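The values are calculated or read from the model by the stated rules, or taken from the named source; none is laboratory data. Values in this document were obtained by computation on a predicted structure and should not be read as measured data. Backbone-built Cβ (ideal geometry, glycine too); neighbour counts: all protein chains shown.
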Amino acid sequence: MELSELLFLTCCCLVAGAGAYNPPMATVEPLKPAGIRVSIPHESGISLVAFHININEDFYALEAGMIARDIIKQRNGRWVYQDKTTQLQENDVVYYWVHVVYRGLGYNLLNQEHKVKDFYDYNGNKIQSVGIIDERDMPELENNSGNSGNGECRSLSATKLYDSFGSRQTSPCAGKLIFSEDFRSSDAQWTTLEQFNTAPDYEFVVYRDSPRNVKIRNGLKLTPTLLSEESNDTFVRYGELKLNKCTGNPRGSDCLRKGVHWNILPPVASGRLNTNKSFNFQYGRVEIRAKLPKGDWIYPLLMLETAKANHNGRNQNIRVASSAGNVDLRSKDGLDISGHVLWGGVVEQDTRQQFQRVNEFRSTKVGENPWSDAYHTYELIWTLDRISLKVDGQVYDERSVNVPNDTPFFLTLGLAVGGLSEFPDYCTSSGSVKPWRNIGAKAVLNFYTSQDTWRRTWTDDNESLKVDYVKIYAL
């Protein structure tokens, strides 16, 4: 049945039952870390409920909307639509209308809207605080007495805590543990990304919320897999891939892509999580115990990100630790840039996608064995004007930095492959020249067609990034 026919019948049903029945009012619950739940209470005689939803865009007709779902069974006394992918922010407006079939006739609840103020977890509990932080331990910055309401801090920290919208700013007690994760079970602190690669790195992966790529059980494990091994070569080159649980922009290229000519689908699927919706901060001590991935052209993402470009149009992130998965990798000048070399610090990317590592001649830590051979504890100490990097308790780099003040950062854990910025052109891995150029139009295709050389280095589960725990302390 065409949509126009369906809407016509809906209108007819409404007229037929006019004045006889008023549908119950709906409850709208924005969810964290992502999602929305809309429901109405069950009443005897209701046999179907259809929810039609737009975000920040009003309805001007009986349109299907961005979300259109028919619910045919009530649950626990309510007719419920729920997803875990819709991205909502404070002050967003949810416009919706509801179609209810009551005793065989259709009735519409029209012109409904809900302005987002509060958020709820998936169990229906109202979320009162940011991340794992208890507001009783978070005195406001202007509270110079250090009185948190339940006791007094010896001193307030320079660390700043923000809500997920970057607007609320508080300061914890100095030295306090403000974030902790041991990955013993799935946790609402994290958003697991499901979206295609984007600026600034344009890595050769699609991030998926799939147990093939993301496992949380007695630790976090992120594993790269090949799309061609799940489907076939033809699909990678010419197929269409739609991400049903997409966490990106549903109207852009984050959620749907199709292989065309040399512009193939990302050949690798991988995992990536962040705390963008639950925990944002500036300044502190970050401690991550992890086993880095091993395999050609793989690299870990253990970093702090900000979604906002600075006034120069540059995006910044701060790497807690990074090391190439290649066991033997040298630049065109013969410098060792392999998995034996550990580095971290501020990385900038300008709007032209030109890669720049701030302070290019920074210190690095060179290991006798690749850093991917064992678990290590990586630390970042970030103060107002300096960053210190440590591994297994030893400082290997300390330098001044220029990061804009009052800019919230969130934590990202991910595993990436290839891309247009991480590996310099003309570098050689075990004697073979990198198969793509960072400015080449066929970069992804050239990487994919050379998989016979790099795929065999992804062995024995070593290609996975494994994270034991993450802890963040106030300064």
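Each row is one residue, and each column tells you yes or no for (1) of a type in the set (S, T, N, Q); (2) over 24 Å from GLU181 (Cα atoms); (3) outside the structural domain of PHE447 (by the TED database); (4) in contact with a strand residue (DSSP E or B) (Cβ under 7 Å, 6 or more places away or on another chain).
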{"residue": "ILE264", "(1), (2), (3), (4)": "no, yes, no, no"}
{"residue": "GLY271", "(1), (2), (3), (4)": "no, no, no, yes"}
{"residue": "THR275", "(1), (2), (3), (4)": "yes, no, no, yes"}
{"residue": "ASN280", "(1), (2), (3), (4)": "yes, no, no, yes"}
{"residue": "ARG285", "(1), (2), (3), (4)": "no, no, no, yes"}
{"residue": "ASP296", "(1), (2), (3), (4)": "no, yes, no, yes"}
{"residue": "GLY325", "(1), (2), (3), (4)": "no, yes, no, yes"}
{"residue": "ASP328", "(1), (2), (3), (4)": "no, yes, no, yes"}
{"residue": "LEU335", "(1), (2), (3), (4)": "no, yes, no, no"}
**Message:** Return the residues of region 261-289 that are closer than 27 Å to CYS246 by Cβ and aliphatic (A, V, I, L, M); say none if nothing qualifies.
**Reply:** ILE264, LEU265, VAL268, ALA269, LEU273
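Could you list, in sequence order, the residues of region 454-465 that are of a type outside the set (Asp, Glu) and either buried (at least 20 other Cβ atoms within 10 Å of the Cβ) or at positive phi (or both)?
First pass over region 454-465, keeping only residues of a type outside the set (Asp, Glu): 454-459, 462, 464-465.
The answer is TRP454, TRP458, SER464, LEU465.
For the structure I just gave you, tell me whether GLU398 is touching a residue at least 12 places away in the same chain (Cβ under 8 Å), in the same structural domain as ILE288 (by the TED database) and part of a loop (DSSP other than H, G, I, E, B).
No: the conditions fail for GLU398.
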**Request:** Output the residues belonging to region 435-475 that are touching a strand residue (DSSP E or B) at 6+ places or on another chain (Cβ under 7 Å), over 17 Å from SER270 (Cβ atoms) and in a loop (DSSP other than H, G, I, E, B).
**Result:** ALA474, LEU475
**Prompt:** Counting only residues that are crowded, with 16+ Cβ neighbours inside 10 Å, under 24 Å from the mean Cα position of the chain (by Cα) and among the polar types (S, T, N, Q), how many does region 105-127 have?
**Reply:** 0
**Complete:** Subset of region 383-421, residues surrounded by fewer than 16 Cβ atoms within 10 Å (Cβ to Cβ) and under 24 Å from the mean Cα position of the chain (by Cα), comes to PRO404, ASN405, ASP406
**Message:** Looking at GLY414, GLY419 in this structure, which one is part of a strand (DSSP E or B), assigned by the TED database to the domain that holds ASP336 and among the small types (Gly, Ala, Ser)?
**Reply:** GLY414
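Quick grid of which residues meet (1) closer than 16 Å to ASN197 by Cα; (2) in contact with a helix residue (DSSP H, G or I) (Cβ under 6 Å, 6 or more places away or on another chain); (3) aliphatic (A, V, I, L, M):
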position: LEU420; (1), (2), (3): yes, no, yes
position: PHE423; (1), (2), (3): no, no, no
position: SER429; (1), (2), (3): no, no, no
position: PRO435; (1), (2), (3): no, yes, no
position: ALA441; (1), (2), (3): yes, no, yes
position: PHE447; (1), (2), (3): yes, no, no
**Asked** What pairs come up if the first residue lies in region 250-265 and is in contact (Cβ under 8 Å) with a residue 60 or more places away in the chain, the second is of a type outside the set (D, E, K, R) and part of a strand (DSSP E or B), and their beta carbons are under 7 Å apart, counting only those six or more places apart or on different chains?
**Response** CYS255/GLN195; ARG257/PHE196; ARG257/LEU241
